[in-house]
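FYI, it's all coordinate maths here, none of it is from the lab. Only a predicted model underlies this, so the values are computations on that prediction, with no experimental measurement involved. When we count neighbours, we look across all protein chains shown, and the Cβ atoms used for this are built from the backbone with ideal geometry, even at glycine.
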Amino acid sequence: GAVVSQHPSRVICKSGTSVKIECRSLDFQATTMFWYRQFPKQSLMLMATSNEGSKATYEQGVEKDKFLINHASLTLSTLTVTSAHPEDSSFYICSARDRGVYNEQFFGPGTRLTVL
Amino acid sequence: KNEVEQSPQNLTAQEGEFITINCSYSVGISALHWLQQHPGGGIVSLFMLSSGKKKHGRLIATINIQEKHSSLHITASHPRDSAVYICAVRHTGNQFYFGTGTSLTVIP
């Protein structure tokens, strides 16, 4: 089946720094990628949807200047948490939609962000 | 009311037991996913279903579209199966809805 990877799997940073998380579709082209956030013991919540070559669409309540999303190619989307603060500590998960053979959405393994 | 409801929320089983986790949904869907989330957070996609039944090793997933219900079964459960299992449905409008997960602990 299709594979989606994320890098890094874990990151610890100091408050005020920016952190970039990569999401890659390894064996298919993803015209659309999704970024989710998960707080402890809660379900995944959609943050934004990005389409290759265009601006991301953010869900209500998600700061677009805080969470920068770039989807520059059909296999890579990045989420940059700018000027991170402890309240940004969370588990971030991406998923990618394949419109080819699989015609479905596949999930990455997630990235654990801890802001000190 | 959530669009996706899972039961039970927590489940403890003895090694070797047969386990069933249920998922009911209230929206029209084009596909249903079962995800496994390990302690520490890593997510693994177990199944994607749009009809019928799928089997992978000791895991079996079924879906009844008419009843808007899916089940995930684990046969001969093992401590390494301990994880949170999440049901996710892709709405026909392409939005995903997630259940809150079932936390499974398998005791040796």
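Here are a few things to note about the model shown:
- Approximate spin-label separation B:Lys55-B:Thr105, in nm, with each point projected 7 Å along Cα-to-Cβ: 3.2
- Set of lysines near B:Lys68 by C-alpha distance (under 27 Å), chain-local residues within fewer than 8 positions excluded: A:Lys41, B:Lys1, B:Lys53, B:Lys54, B:Lys55
- Charge dipole of the protein assembly as shown (Cα centre as origin; +1 on each Lys and Arg Cβ, -1 on each Asp and Glu Cβ, all else neutral): 160 debye, rounded to the nearest 20.
- Positive contributions from Lys and Arg (+1) and negative ones from Asp and Glu (-1), summed over other residues with Cβ under 14 Å from the Cβ of B:His38, come out at +2.
- Cα Rg, Dmax, chain A, angstrom units: 13.4, 42
- Shown for B:His69, A:His71, B:His56: other C-beta atoms within 10 Å of each C-beta, ranked fewest to most, produce the order B:His56, B:His69, A:His71.
- Values of log10 I(q)/I(0) for chain B across q = 0.16, 0.20 Å⁻¹ run -0.65, -1.00, by the Debye formula with one identical scatterer at each alpha carbon and no solvent.
- Radius 11 Å from Cβ of B:Ile60, net charge of other residues (Lys, Arg +1; Asp, Glu -1): +4
- Shielding of B:33-43 by partner chains, average beta-carbon count, 10 Å: 5
- This model, with +1 at the C-beta of Lys and Arg and -1 at the C-beta of Asp and Glu, gives chain A a dipole about its Cα centre of some 220 debye.
- For the protein assembly as shown, Kirkwood radius (reciprocal of mean inverse C-alpha pair distance, Å): 18.0
- Between A:Ala72, B:His38, A:Val115, the Cα set farthest toward the positive side of the dipole of the protein assembly as shown (charges on each charged residue's Cβ, about the Cα centre) is that of A:Ala72.
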